[in-house]
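Taken together, the values in this text are just the output of simple stated rules run on the coordinates, not laboratory data. Bear in mind the structure is a predicted one, so any value in this text is a computation, not a measurement. Backbone-built Cβ (ideal geometry, glycine too); neighbour counts: all protein chains shown.
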Amino acid sequence: MKDEFLDIVEETNISYGKINSYKDLLVWQKGMELVKHIYSITSLMPEDEKFGLTSQIRRSAVSVPSNIAEGWGVAVTGRYIHHLKISFGSLCEVETQLTLIENLNYLPKESLSESKSSLQETSKMLRSLIASLERKRNY
């Protein structure tokens, strides 16, 4: 079962080389970059948002690579796809929270651009991985 799972994942990784761990997945690496961006910008947020929006967007961002890793650990394609979809949902949360930060004028648009770009790139890769895994599983 684990070998079939690895075969499917290796075929869908947008990378070169063998995948030995979730850490080898580019989408996990991009998710980790997103977390760094979010932590960086939220350090500039108003102090009174420390336990509100700052905490929420950080938890949402951390959920992205965490669910990719958790799904990998399960090593069953259907459950892995489920965790990837949870990860995608967390990306949608981060996008919403970035919009709130912008709309509430907590941070200037320019300071959010890197995070938004990272989010879009991660989102595209995650959607592609989910679609590819679903196609492979249905064959």
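Put a dot 7 Å past the Cα of Val76, heading toward its Cβ, do the same for Ser117, and the two dots end up 4.1 nm apart. Which shape class applies to the chain: rounded if a/c is under 1.5, otherwise prolate when a/b exceeds b/c and oblate if not, where a ≥ b ≥ c are the square roots of the Cα gyration tensor eigenvalues? Prolate. Panel order for Lys85, Lys30, Lys23, by other beta carbons found within 10 Å of each beta carbon, from fewest to most: Lys23, Lys85, Lys30.
The label-point distance for Arg59 and Leu100, in a model that sets each label 7 Å from Cα toward Cβ, rounds to 1.1 nm.
Annotation: lysines with alpha-carbon distance below 29 angstrom to Lys116 (same-chain offsets under eight excluded): Lys23, Lys30, Lys36, Lys50, Lys85, Lys124.
Near Ser90, within a Cβ-to-Cβ distance under 14 Å, what is the net charge of the other residues, with Lys and Arg +1 and Asp and Glu -1? Taking every other residue near Ser90 into account, the sum is +2. Charge dipole of the chain (Cα centre as origin; +1 on each Lys and Arg Cβ, -1 on each Asp and Glu Cβ, all else neutral): 260 debye, rounded to the nearest 20.
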